[in-house]
Every structure is written in C-alpha cells, then in structure tokens.
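Student: Handing you a structure now.
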Amino acid sequence: MTALHRTPLNKRCAEPRRALRLRLLSALALVLIILCGAAFADDERDALMERQRTLKARVAALQREQDYLMFLQRMYESDSKYLVLDMKKKTAHLRYKNRLLKDIPLKEISPGFGRKVKAGEHAVTMKIEGAKERHALVLNNAFVLKWKRSEVPRPHASLPSIVVLKKDLFSFYYTIGPGMMAYVLE
Amino acid sequence: MNTDTYLRSVLLLIALLATAASRTASGESSPSLGELRASVAALGGEAARLEEENRGLRAMLAQQEDGDVYIVVETENNRLTLRQNNTVLHTAVCGTGSRKFIEAETGTNWFFETPMGSFSVLGKERNPVWIRPNWSYVEENMPIPPANDPDRIVRGVLGKYALLLGNGYKIHGTTWTKLLGTHFTHGCVSLGDADLELVYSTAKIGTKVYLY
C-alpha cells in the first residue's frame, strides 16, 4: 500500500485531497465556533427572558401598590369613611382620612372570591334593608358584605360574599350611604 | 460512495449545521437578543419610575401620620377606643345618646343623639359641674326655672373629669354605671371612673375624637 501511494499518480491525487481536508477542517471549526456562539446566545436569551419575567411581575406589583396608594391619597383628602378589605389577613379596616377607626375580622369569604372580584376600588352601590335587621351592603354589584343572617334578594343573592359579625356590620351600616368606598387588597 | 460524493455530503451537512446554528443565534422564531435586551431595559426603567413615584406617594401619606393619640367612639356598639398609630391603646365600654325624642308643652323638642363626625378636645375639666338644661326639667315634668337659677347647678353627676367637645357635648363620668354599654345619655359620651381617668390623662387639648 505504501509503495502504491508513492507513485506519481497517487501523489497527484493526494494533493487536492489534502487541500480539501484542510477546507473541511476549517469549515468544521467555523461551524463549531458558530455553535458555541449560539450556545452562549441561548444562555443570554434564557437569562434575559427570566429577567423579563421578574421585571414584568415587579412592574405589576408596583402598579397595584400605586393604585392603592393613590386611593389612600384620595381618601385622606375626602371626608368619608372607607373600608380596606385585606383578603390575605381576613380583616377589614374601617378608616376615616388617615385614621383607623376599627378592625373588623372577616368571618367567611365565599369560595372563588379572589377570582370573581377584582382587587381595587369598589363603591357601595346598594344598602339592603332586610327584615329583622338582616341588612347587607352590595359593592359595585360585584360582591356583598353581610352578616350571617342577612337577606340578600335576587339578583344579588348569587354574588360572592364576605360575612362579618352583625355588630361589626352595624357599627358603620347606619352611618354610611351608597357611594362609600372600599378597597379590596389581594 | 466515491470520495467526491462523500465530501459533498459532508460539506452539505456542515452548511446545514451552520445555517441551523446561525438561525438559533439570531432567534428567528422568538424575539431577537436585541429586542429582549431592549424590553428588559424598558421594563427596568418602568419599575424604577414606579418605585420612585410610589416612594413619593408613601412619603406624602406618611407626612399626614402624626403619631398622636386619638379617640374613637363607636356609637352603635357603645365602645370608646384610644388609638395611636393604628394601635389600640385601650378599649372601654361607654354610653352614648339614647336616640329618644322629647317635646315640651311649648313645642320645643329635643332628640338625644350623640353627634357624629370629627371633633377635637377643646377643654379639660376636673370635677365638672352640670348646669341642668331645659330638657332635663321637661323630661321630669318639672317647671323650667330661669336660666341663672342656682338650682340648675348640679355637682358630682359627671364624674371627676370631663373632656369638652363643643356645643355642650362632653366625654364625662356617670352615676349610672350599670347602663354603660347602652344608649342612655342625652348625647354626651359617658365612661366608668377608671376608664375616664385613663382617657382624661392621655388626651390633650387638641386630641382628635372621631364619633361614628
């Protein structure tokens, strides 16, 4: 075999092959470089997409906070009592301007309340004067604030509800009217 | 397969790999790296702006927090609460307006209701004296004496202390301690002796009183 390669004919054939091999190796090196570059780009893309997700969540949280702070700012300037319903702490805060008047424990929250009722501002749209003091408040036609035995007629009977103690509901029920503001915190 | 065909196949494969790699790098199916970088920068700017604005809003709201003690009277449940910075310092059972209506023969009438709203302590009195108003005589079917009649001056019925809220309304003591927790007063807020002493010693002239 070795002797065969040394023949002039074989020498003539081997040279272009060597050149071709060289070209091939260069092309392979180039592909490897491009592939490495692509891998780095993928890493950067993943990192950027993760950062984008984090920032989107942060911006959404800051927007929610700003909405609440602006609500408080308006309420500090207004002359009306208002409610802040903290769904996580299951507590309502009856407030007037910058003062907290009363903490009201939320005894029951209907299932799926968070899904059905948007966080943010809601106004009392209706006071329901039930028989035998079975009163309730309808907020924004979106949910009902009531005590255990409140009578909520149709069409509001199917609305999500928050149950508080009778004495807590009555502590402000008689002194407020439609338009009283409430803010639902997620 | 001869050598040329083999080489051509390898070159074709390399070309395909290179194309695929360059496509991955430029991300033809998803946003380009440049677009992603721009989006992240924009979101970062948006977050920074919102943080700055929220800091300002919080500062504006905090300016209105004075840390002062304030009094809250819940007339429906007859409860008086001393609060500071949203913290409850003390809760007391109190008496508030009876929501009764009386009318004199002359046609003058009175409705005994505790006023609602925001008030301030305008004055502090020790051993307050009650000057019996006309309704007190009407209520007991007694003839109304002249305005400066010394019989109108009654001592010891308002407890040891009184906080003046204006228009004759006060937070004071009572001899009717068994009625605390009910609506029995003529509009003032009544407290038991121990609670009154605490509220009196804590409140200052100007202390805010919220009646609702």
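Student: Across the stretch B:70-102, what is the total count of residues that are crowded, with 17+ Cβ neighbours inside 10 Å and of a type outside the set (D, E, K, R)?
Tutor: 15
Student: Right, another one. Could you grab me the full set of residues in the stretch A:115-173 that are of a type outside the set (A, V, I, L, M, F, W, C), in contact (Cβ under 8 Å) with a residue 60 or more places away in the chain and either surrounded by fewer than 14 Cβ atoms within 10 Å (Cβ to Cβ) or out of contact with any Asp or Glu (no Cβ under 7 Å at 6 or more places or on another chain) (or both)?
Tutor: Of the stretch A:115-173, the ones of a type outside the set (A, V, I, L, M, F, W, C) are A:115-116, A:118, A:120-122, A:125, A:127, A:129-130, A:132-135, A:140-141, A:146, A:148-151, A:153-156, A:158, A:160-161, A:166-168, A:171, A:173.
From the residues that got through so far, the ones that are in contact (Cβ under 8 Å) with a residue 60 or more places away in the chain too are A:118, A:120-122, A:168, A:171.
Selection gives A:LYS118, A:GLU121, A:HIS122, A:ASP168.
Student: Still on this model: Out of (1) away from every other protein chain (no Cβ under 11 Å); (2) closer than 26 Å to B:ASP195 by Cα; (3) surrounded by fewer than 13 Cβ atoms within 10 Å (Cβ to Cβ), what's the single condition that is false for B:ASP66?
Tutor: (1)
Student: So is A:GLU65 farther than 28 Å from B:VAL73 by Cα, surrounded by 15 or more Cβ atoms within 10 Å (Cβ to Cβ), outside the structural domain of A:PRO178 (by TED's automatic domain parsing) and at pLDDT 90 or above or not? Quick ask: steps written out before the conclusion?
Tutor: Working: farther than 28 Å from B:VAL73 by Cα: yes; surrounded by 15 or more Cβ atoms within 10 Å (Cβ to Cβ): yes; outside the structural domain of A:PRO178 (by TED's automatic domain parsing): yes; at pLDDT 90 or above: yes.
It is true that A:GLU65 is farther than 28 Å from B:VAL73 by Cα, surrounded by 15 or more Cβ atoms within 10 Å (Cβ to Cβ), outside the structural domain of A:PRO178 (by TED's automatic domain parsing) and at pLDDT 90 or above.
Student: Just to verify a result, which residue in the stretch B:120-148, among those that are surrounded by 12 or more Cβ atoms within 10 Å (Cβ to Cβ) and in a loop (DSSP other than H, G, I, E, B), is nearest to the other protein chains (Cβ to nearest Cβ)?
Tutor: The qualifying residue nearest to the other protein chains (Cβ to nearest Cβ) is B:VAL121.
Student: Under the condition of being modelled with pLDDT of 95 or more and aliphatic (A, V, I, L, M), which residue from the stretch A:39-59 is surrounded by the fewest Cβ atoms within 10 Å (Cβ to Cβ)?
Tutor: A:ALA57
Student: Restricting the first residue to the stretch B:54-76 and requiring it to be of a type in the set (Gly, Ala, Ser), which pairs with a second residue that is surrounded by 12 or more Cβ atoms within 10 Å (Cβ to Cβ) meet a Cβ separation below 7 Å and a spacing of at least six or different chains?
Tutor: Taking only residues 6 or more apart or on different chains, the pairs are B:GLY67/B:GLN84; B:GLY67/B:ASN85.
The values are calculated or read from the model by the stated rules, or taken from the named source; none is laboratory data. These numbers come from a predicted model, not from an experiment. Here Cβ is always computed from backbone atoms with ideal geometry, including for glycine, and neighbour counts include all displayed protein chains.
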